[in-house]
1. Quick one: which residue in Asp232, Asp200 is assigned by TED's automatic domain parsing to the domain that holds Glu59, charged (D, E, K, R), outside any loop (DSSP other than H, G, I, E, B) and under 16 Å from Ser70 (Cβ atoms)?
2. So is Glu252 surrounded by fewer than 17 Cβ atoms within 10 Å (Cβ to Cβ) and farther than 19 Å from Gly332 by Cα or not?
3. Can you name the strands (runs of 3 or more DSSP E) wholly within region 133-190 that have at least 3 residues being touching a Ser or Thr at 6+ places or on another chain (Cβ under 9 Å)?
4. Do the conditions hold for Arg282, that is, is it among the charged types (D, E, K, R) and crowded, with 19+ Cβ neighbours inside 10 Å?
5. So if I check each of Asp87, Asp123, which one is assigned by TED's automatic domain parsing to the domain that holds Val158, at pLDDT 95 or above, surrounded by 15 or more Cβ atoms within 10 Å (Cβ to Cβ) and among the charged types (D, E, K, R)?
6. Of the residues Leu25, Leu60, which single one is closer than 26 Å to Leu235 by Cβ and not in a helix (DSSP H, G or I)?
7. Can you tell me which of Thr181, Thr99, Thr142, Thr173 is touching a Gly at 6+ places or on another chain (Cβ under 6 Å) and in contact (Cβ under 8 Å) with a residue 24 or more places away in the chain?
8. Within region 218-244, take every residue that is of a type in the set (A, V, I, L, M) and within 18 Å of the chain's Cα centre (by Cα) and give me the one that is farthest from Ala58 (Cα to Cα).
Amino acid sequence: MLDTKLSQISLNPDHTGATTSPIYLSTAFEHEGVGKSTGFDYTRTKNPTRSHFEEAFAELEGGTHSFATSSGMAAVQLCCNLFNSGDEVLVSFDLYGGTFRIFDFYETKYNVKFHYVNFNNHDEITSLINENTRAFFIEPITNPSMETTELAPLFKIVQDKNILTIIDNTFLTPYLSRPLTEGADIVLHSATKYIGGHNDVLAGVVTVKDETLAESLSLYHNMIGATLSPFDGFLLLRGLKTLHVRMDRAIENAKKVSAHFENHDAVDKVLYAGTTGMLSLRFKNTHSVNTFLENIEVCTFAESLGGTETFITFPFTQTHAEMPDDERMKRGIDDSLIRLSIGIENVNDIIEDIEQALNKSLK
């Protein structure tokens, strides 16, 4: 069972009998002679602690190879190396601002064209596919509008078209969704978030099942060098051990928070997909987001997600601040929208804190 596998994920005894994977901080590994290697030569290329995480994570995803990176954006950038000048990519219209930023860079610098689409509109997608279409880049639950996308029809659309499906599964994790087993080619995560789970590690991970893709990504991973440190690999293994427990509690809390504020006098709309710990609230114009954020006490005003604590993020000035104003407005990212990563606290404490801050935010 998956929960048992997660709980025991770092239980890999070596000759000492240690029940937790050791941290190999060495940057270099001794050779017994020319052409003789233990399989580890230089830690950028391969490290035992990172390899332990990558092998365990690939198994969780239903893939064959995982590549642990120094951040979630490094994971996105690793995938971008698969694109050449003139390639076209269809992308979820609503998505993380950092991803939009790096795609804009690749479009300007390297002439890779990105089309932002509604992946639930299959006619629109089909009309945009041409001989240059290289990939679909999909957030199954979008950030920050929490719009959901059904993946199965998209896998059918690209079948036999030599188009890659790249899934950013950060919000869902392999505990809730395993797209590689359903037809995806690449799944990536900002492992900083739910995978690490404690807001104390910066990391990303890319997983594939195709050997040719794995060879390409392995080359880029080593060449660019944005690889995960051994200590951070250890932290991710530790985080995975409680992933299922944290996700279950976060989802339980998020459902209650969503239901509580669904018809609230201060809230114009609750944006919640119902399957993760992430939700967004759109305030009515009678309440000030700025004042609200200044008065939260139990929750934390911070720019991240997926930890044990409830974080509240203001996309307008944080995650999507560098997105051009017109692009933000198209996506409804304005000064009335907040994003919540619901933690594992007592849910009544979360709700009461939001309530008291809302009361103080009345204009």
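The values are calculated or read from the model by the stated rules, or taken from the named source; none is laboratory data. Just so it is clear, the structure is predicted and the values come from calculations on it, not from any experiment. A quick note on method: Cβ atoms are made from the backbone with ideal geometry, for glycine too, and the neighbour counts reach across all protein chains shown.
1. Asp232
2. It is true that Glu252 is surrounded by fewer than 17 Cβ atoms within 10 Å (Cβ to Cβ) and farther than 19 Å from Gly332 by Cα.
3. Correct list: 133-138, 186-189.
4. Criteria not met by Arg282.
5. Values: Asp123 fails: surrounded by 15 or more Cβ atoms within 10 Å (Cβ to Cβ).
The unique qualifying residue is Asp87.
6. Leu25 is the lone residue from the list that is closer than 26 Å to Leu235 by Cβ and not in a helix (DSSP H, G or I).
7. One residue alone meets the criteria, Thr181.
8. Restricting to residues being of a type in the set (A, V, I, L, M) and within 18 Å of the chain's Cα centre (by Cα), the top hit is Ala226.
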